[in-house]
Amino acid sequence: MKKILQIMIIACVLAVSANLQAQGTEQERLVVPLTSPGKAGELKVGLIHGSITVTGYNGKEIIIDAEMVQKKYKNSTKNGLKRVSSGTLDVSAEENNNRVKISTNSYKRSINLDIKVPQNFSLYLSAINNGDIKVDNVNGDFEIKNVNGKITMTNISGSVNANTTNGKLTVGFSKINANTNMALSSFNKDIDITLPKSTKATIKAKSDQGEIFTDFDMVLEKRKPKVENNSKPGTYKVKIEQWVYGKINGGGVEIMMKSFNGDIIVRAK
């Protein structure tokens, strides 16, 4: 019979839990065992307010350090009455066949998550306000979204689809997945990626208000004007795309990068 391990963790209800109190914050440590330790898995996390940091390590469990940043009030009393607040940190995690989903009450207050995962783990991370997303030393497939913060990924291998609205997007690859195309976008900030010097890739890049830079010996391709048929019979439209196409080391996996107000930088490691 196939063993399915499912664990629900709420606040400090878990096998290993440490409750640390610091001035202005409330902290919890949660440890999530995996159904198949040593095998690849995936992690899903979404925050409304707060930051997410994920680091790969040589371990067989998911370790979650959660910190709730308390709101600061100008007045702790009103008409002789003292302010009362539970300040409860609400974090839950569900594990099923090496798939882990973390949920929080970050819609109410800012929560920062510092998570350690086994190195072979795919990540699906999103944040909206008051925080950045950082990933280091992980191998897998990554889907990363942030609205008002940065995305910084270092020493990763695999494939990345990531986008930010108001934050810089930085990705440093140790190795890429040669069979999976990637897409990176940032509306208002730079996109800065670093690839191993031997990478075979086809770059498709566009910045409306910025520039494109690289230290690779990139061979640029000229594309013919694109012809589009119009809904009216006998009419058509011709347009020249503003995309830059270039091949690195003969070409390979497609890496699409798009920014509106930022520069695009492709570095050789």
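Starting from the Cα of ASN96, step 7 Å along the direction of its Cβ; do the same at ASN177; then give the gap between the two resulting points in nm.
2.2
What distance in nm lies between label points placed 7 Å from Cα along the C-beta direction at ASP217 and ASN58?
3.8
Consider all pairwise Cα distances in the range 101-178 and report the whole-number % of them above 17 Å. Could the numbers behind the result be given before it?
Values: 1310 of 3003 pairs.
Cα-Cα pairs in the range 101-178 separated by more than 17 Å: 44 percent.
Using only protein heavy atoms and a 1.4 Å probe, report how much of LYS206 is accessible, in Å² to the nearest 10.
40
Run down the aspartates and glutamates and flag those whose C-alpha is under 18 Å from the C-alpha of LYS116, throwing out any fewer than 8 positions away in its chain.
Straight-line reach from LYS116, under 18 Å: GLU28, GLU42, GLU61, ASP65, GLU67, GLU94, GLU95, ASP132, ASP136, ASP141, GLU143.
Using the Karplus equation 6.51 cos²θ - 1.76 cosθ + 1.60 (θ = phi - 60°), what ³J(HN,Hα) coupling, rounded to whole Hz, does each residue of the range 134-141 give in order, writing x for Gly and Pro?
10, 9, 9, 6, 10, 10, x, 9
Near the amide H of ASP192, under 5 Å away, which other amide H atoms are found, from residues 5 or more places off or on another chain, if H is placed in the peptide plane?
Sorted by chain and number, the residues that satisfy this are LEU169, THR170, VAL171, ILE265.
Summing Lys, Arg as +1 and Asp, Glu as -1, what charge do residues with Cβ under 15 Å from the Cβ of LYS44 carry, LYS44 excluded? If you can, show how the numbers build up before the last one.
Numbers: positive: ARG99, LYS101, LYS145; negative: GLU42, GLU94, GLU95, ASP141, GLU143.
Residues near LYS44 contribute -2 overall.
Rounded if a/c is under 1.5, else prolate if a/b is larger than b/c, else oblate: which is the range 115-229, with a ≥ b ≥ c the root eigenvalues of its Cα gyration tensor? Spell out each step's value before the answer.
Values: a/c = 1.93, a/b = 1.33, b/c = 1.45.
Oblate, because a/c is 1.5 or more while a/b does not exceed b/c.
Sequence-distant or interchain residues sharing an amide H contact under 5 Å with SER207, placed H: which?
Excluding prolines and chain starts, which carry no amide H, the hits are SER259.
Hey, can you grab everything whose amide H is under 5 Å from the amide H of GLY149? Only 5+ residues off in sequence or another chain; H modelled, so Pro and N-termini drop out.
THR165, ASN166, GLY167
Can you work out ³J(HN,Hα) from phi for every residue in the range 197-214, in order, using Karplus 6.51 cos²θ - 1.76 cosθ + 1.60 and θ = phi - 60°, giving whole Hz and x for Gly and Pro?
Result, rounded to whole Hz: 4, 8, 4, 9, 8, 10, 9, 10, 9, 8, 9, 5, 10, x, 10, 10, 10, 7.
Tally Lys/Arg at +1 and Asp/Glu at -1 over every other residue whose Cβ is under 11 Å from the Cβ of THR202; what's the total?
Details: positive: LYS200, LYS204, LYS247; negative: GLU221, GLU254.
With Lys, Arg at +1 and Asp, Glu at -1, the net is +1.
With a sphere of radius 11 Å drawn around the Cβ of ILE265, what net charge do the other residues whose Cβ falls strictly inside it have (Lys, Arg +1; Asp, Glu -1)? Intermediate values should be presented prior to the final figure.
Values: positive: LYS168, ARG267; negative: ASP190, ASP192, GLU211, ASP215, ASP263.
Once all neighbours under 11 Å are counted, the net charge is -3.
Indicate the gyration tensor shape class of the range 125-165 (rounded, prolate or oblate), computed on the Cα atoms with a ≥ b ≥ c the square roots of the eigenvalues: a/c under 1.5 is rounded; otherwise a/b larger than b/c is prolate and the rest oblate. Kindly include the intermediate steps, with their values, before the conclusion.
Details: a/c = 2.77, a/b = 1.84, b/c = 1.50.
Here the range 125-165 falls in the prolate category.
Just list whichever of LYS44/LYS150; LYS247/LYS269; LYS39/LYS200 have alpha carbons separated by over 26 Å in the model shown. Could the numbers behind the result be given before it?
Details: LYS44/LYS150 18 Å; LYS247/LYS269 17 Å; LYS39/LYS200 28 Å.
Pairs exceeding 26 Å: LYS39/LYS200.
Apply the Karplus curve 6.51 cos²θ - 1.76 cosθ + 1.60, θ = phi - 60°, to the phi angles in the range 90-104 and return the couplings in whole Hz, x for Gly and Pro.
With coefficients 6.51, -1.76 and 1.60, one gets 10, 10, 10, 9, 10, 10, 8, 6, 6, 9, 10, 10, 10, 10, 9 Hz.
Mind giving me the FRET efficiency for ARG267 and LYS39? R0 is 30 Å, r the Cβ-Cβ distance, nearest 0.05 is fine.
Numbers: r = 33 Å, r/R0 = 1.10.
E(calc), rounded to 0.05, equals 0.35.
The values are calculated or read from the model by the stated rules, or taken from the named source; none is laboratory data. The model shown is predicted, which means the values in this text are computed figures rather than measured ones. Note: ideal-geometry Cβ built from the backbone for every residue, glycine included; neighbour counts use all protein chains shown. Please note that ligands, DNA and RNA were not included when accessible areas were found on the heavy atoms of the full protein model with its side chains. Shrake-Rupley method; radii C 1.70, N 1.55, O 1.52, S 1.80 Å.
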